[in-house]
Every structure is written in C-alpha cells, then in structure tokens.
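Structure first, then comments.
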Amino acid sequence: MTVSLYNPGEEQKSILVFLEHEGGVLANVSLELLGKGREMADGLHWSLAGLLMGHQVADLAHEAIAYGADEVWLGEHPLLQFFTIEAYAHTAFQAVSDGKPSVFLLGATPNGRDLAGRLAVRLRTGLNADCSGLRIDPDSGVLVSEVSGFGGGVLALIEMRTHRPQMATVRPGVFTPSEMDRNKNGKVIEIPLVLEEDMIQTQVVEREVGSGIDLTRTPVLVAGGRGIEGDFLMLQKLADLLGGDVGATRPPVDEGHIERQRQIGQTGVVCSPEVAICCGISGAFHFVVGIEKANTVIAINSDPEAPIFDYADYCIVGDVHQIIPEIITALRSEGEIAHA
Ligand SMILES: Cc1cc2nc3c(=O)[nH]c(=O)nc-3n(C[C@H](O)[C@H](O)[C@H](O)COP(=O)(O)OP(=O)(O)OC[C@H]3O[C@@H](n4cnc5c(N)ncnc54)[C@H](O)[C@@H]3O)c2cc1C
C-alpha cells in the first residue's frame, strides 16, 4: 500500500479549505466550504484554515477570516496571479506538507478539481470527488464523505483511514456559508515560496472569464427539460417576471439550446432556490439531486405519471407551451394592475 507523505499520527487537528477567487472576490463555493468547515471544526475543537494563493490578494485573507477561518495560509507571488496547475500545485504542496492538516477541502470547480487530483497524487493520499455531504467522526477524526453512485441508486459513505490529508471536492451549492463577522480575529501566515518561471510549463496566452452565471444563489429557478423543445426564451420571460434565472436538464444542454453552466443536477449545478419550477422535465435522479434543496417545487408535465411529480409540492399536468404563456400573461396583468 502506498504510504502518504504524513500519516494519521502526524497530522494537525485542522481542516484546510482551498480559497478560490476571481476579480478580487472569493468564490461562493469557498465560502460554503468555510461554513461547513467551521461547523465541523467547532464540533471537534479543531482549527479551520484557508489556503489562499494569488498576487496582491492579502485583503481576501481577512475576508476568509470574517467567514470563519482561524488562519489563512497565504501564497503571494506574481507567478500565482492566474491559475496554472504547476504553480498552484507547487505552492499548495508546500503549504500542506508544512501545515499537515487532517482534512483538505476544495470546490469541485474546474480549477479545484484540477488541483485536487494533482495534489492527491503528489501527497500520495486519496481523494473523494464530488461529495454531497461531509462529517468527521468525533472519536477517530476520520472524514466521512457522502458520494452518490450507480445513477443515484447508491449513496456511498467513503472513509480514508490510513492516509492524510483526507481530501475531498464538493460541488458548489451543497453547503451554506456562515454569516460574515468582520470582528473575528485570525492569523495570516505567509507561505515561504520559491517559484521560478521555468517551473511553469503552462503559458497563459489569453484569459477569458466565464459569463458569471451562478445558479446556486438564485431565489427562483425556472428549469427546462426536453419537453420545452428548446424554447428557453419563454422560460427566460417567466424567470425575469419572478426575479429568477433559467436552468436546464442535460438533454437541452447537450443539444446546444443553452449554456452548460446552466445544467442542473449531478453533473451540473446544485441549487437551493426558494422556488424551482420544472418545465417539461421527467424527474430523473441525475436532475433531481440538483433541486433537492429547493423549498418549493412546482412541476409542469404533460405526463401525469412523470416521476418529477413525486418530488413536486405543486403538480400541473398539461402542455408547457400552453401553461407557461398563460402564467406569463397572468403575471404581467397582475403587474399592470399593481402599477395602475
Ligand atoms: C452519469 C450521468 C449523469 C447525468 N447528469 C445529469 C445532470 O447533471 N442533469 C440532468 O438533467 N441530467 C443528467 N443526466 C441525464 C438524466 O439521466 C436524464 O436523462 C435527464 O435528466 C432527462 O432530461 P429531461 O427530463 O429533460 O428529458 P426526458 O427524460 O426526455 O423528459 C422530458 C419530459 O418532458 C415531458 N414533456 C414532453 N413534452 C411536453 C410538453 N409539451 N409539456 C409538458 N411536458 C412535456 C415528458 O412527459 C417527459 O417527462 C445524467 C445521466 C448520466 C448517465
């Protein structure tokens, strides 16, 4: 069996969270992991640390402390300005080998996944990918990660007993950030870094930041499936009237009707809206995991036997192309009456 760089007896009783950021703002998923990390650390009297890498990002360290971190390990270097796997993995490896956290959590984002895989190999430890739940056993300090498999038919609880750190990636939207507390004190610890340009093979030629679609925070989700036959304009009108945003199942994404960032579900985004309106969606498990945290689910489907109705609080049997325009008309006339 491969031996990890440090073992259970040599670990610190601490949880480390990878702090992702873009444009001077910490990523929601990092705040969510700080929230969950704080909750677990408090239950065990452990400490919570954030791993922040970048260039001129020290301000974000204080923000992470306000969101729950006891300390932030800061890797500051011009070569860390943009994510490159070599520079980030090198810095993270150094930070983790020095700090020896028991648990290391990362967002299951493109960069988080990239970093987690590379680092797990380098640290000779395991990685629980795409977890939907986390807890730490108070007696053994073992992280128990929930991962669904076999099309959702199985919920596996994965433990890593002999290797450290216990690494896991978690998809955005699964946990809730803690309240921000600007008065909270914490330490910023600089990671002593030796980074040279020739250590980095990736060259950033051009950088394009995504459209900023973030469905994890929308209060109203209007989601469309194959049954809406690509008419996302209709759903957008409804979402605009309700102050919400539009999501989709996988088939319309695969067929190119809508951006991939709007896919909800197991291989998409997990949302926790007040209201989710599911239009022309059958209710496959892979989709439903993405809306399980919605307070109220409304489903519109022409098939009265559609499985989505098992999850819905309000079930409307009928044709989406008829029902949604009627709802839009009703909402508009209600708005006009309110303004009159
Ligand atoms: C490993 C894996 C991961 C996956 N990940 C995801 C994921 O993250 N997200 C995801 O969504 N899927 C995912 N899938 C696919 C998933 O299993 C389903 O195939 C998909 O969710 C079905 O999408 P749908 O409900 O839009 O389509 P369908 O299952 O085809 O359902 C269409 C529904 O529309 C209804 N309908 C048709 N016409 C109308 C109408 N005019 N008015 C009202 N209702 C109408 C039909 O009755 C039907 O119930 C994954 C699959 C695999 C194997």
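Quick note: the coordinates plus some simple rules give every number you see, no bench work behind them. Bear in mind the structure is a predicted one, so any value in this text is a computation, not a measurement. In this analysis, Cβ positions are derived from the backbone assuming ideal geometry, glycine residues included, and neighbour counts consider all displayed protein chains.
For this structure, a couple of remarks:
- The order of 160, 167, going from fewest to most other C-beta atoms within 10 Å of their C-beta, is 160, 167.
- Gyration tensor over the Cα atoms of the range 26-84: the corresponding equivalent ellipsoid has semi-axes (square roots of 5 times the eigenvalues, largest first) of 23, 11, 9 Å.
- Coordinate range along principal axes, alpha carbons of the range 215-339, Å, largest first: 42, 30, 28
- On Cα atoms only, tilt of 232-242 relative to the major axis of the chain in degrees: 80 degrees
- Relative exposure of 188, 297, 170, judged by other C-beta atoms within 10 Å (fewest first): 188, 297, 170
- Label-zone membership for the range 122-156, site residue 254, 7 angstrom Cα→C-beta point, backbone N under 17 Å: 150-152
- Springs between Cα atoms under 10 Å define the GNM used for the chain, and in it the highest mean-square fluctuation of 209, 154, 17 occurs at 209.
- Once exposed loop trypsin sites (Lys or Arg not before Pro) are cut out (DSSP; at most 16 other Cβ, 10 Å), longest piece of the chain: 1-123
- The length gained on full extension between residue 55 and residue 182, counted as 0.36 nm times the residue separation minus their Cα-Cα distance, comes to 43.4 nm.
- Global size of the chain as Cα Rg and Dmax, reported in angstrom: 22.1, 74
- DSSP-assigned coil residues among chymotrypsin sites (Phe, Trp or Tyr not before Pro) in the range 52-154, each with at most 14 further Cβ atoms within 10 Å: 82
- Electrostatic dipole magnitude of the chain [Cβ: Lys, Arg +1; Asp, Glu -1; Cα centre; debye, to 20]: 720 debye
- Where only DSSP H runs of four or more residues are counted, the chain gives -9000 deg cm²/dmol as its mean residue ellipticity at 222 nm, each run worth -39500 (n - 2.57).
- Computed E for residue 202/residue 158 - FRET, C-beta separation, R0 30 angstrom, nearest 0.05: 0.45
- The P(r) of the range 96-150 has a tail past 17 Å containing 44 percent of all C-alpha pairs.
- The relative contact order of the range 215-339, computed from alpha carbon pairs under 8 Å that lie at least 6 residues apart in sequence, is 24 percent.
- Exposed-loop-free span, longest in the chain, where GluC sites (Glu not before Pro) count as exposed if DSSP calls them loop and at most 16 other C-beta atoms lie within 10 Å: 1-178
- Relative pair counts by distance (%), Cα atoms of the range 8-199, 5 Å bins: 1, 8, 18, 22, 22, 16, 8, 4, 1, 0
- Förster-model FRET efficiency, 35 Å R0, residue 330 and residue 293, C-beta, rounded to 0.05: 0.80
- Annotation: the residues 308, 264, 323, sorted from fewest to most other C-beta atoms within 10 Å of their own C-beta, follow the order 323, 308, 264.
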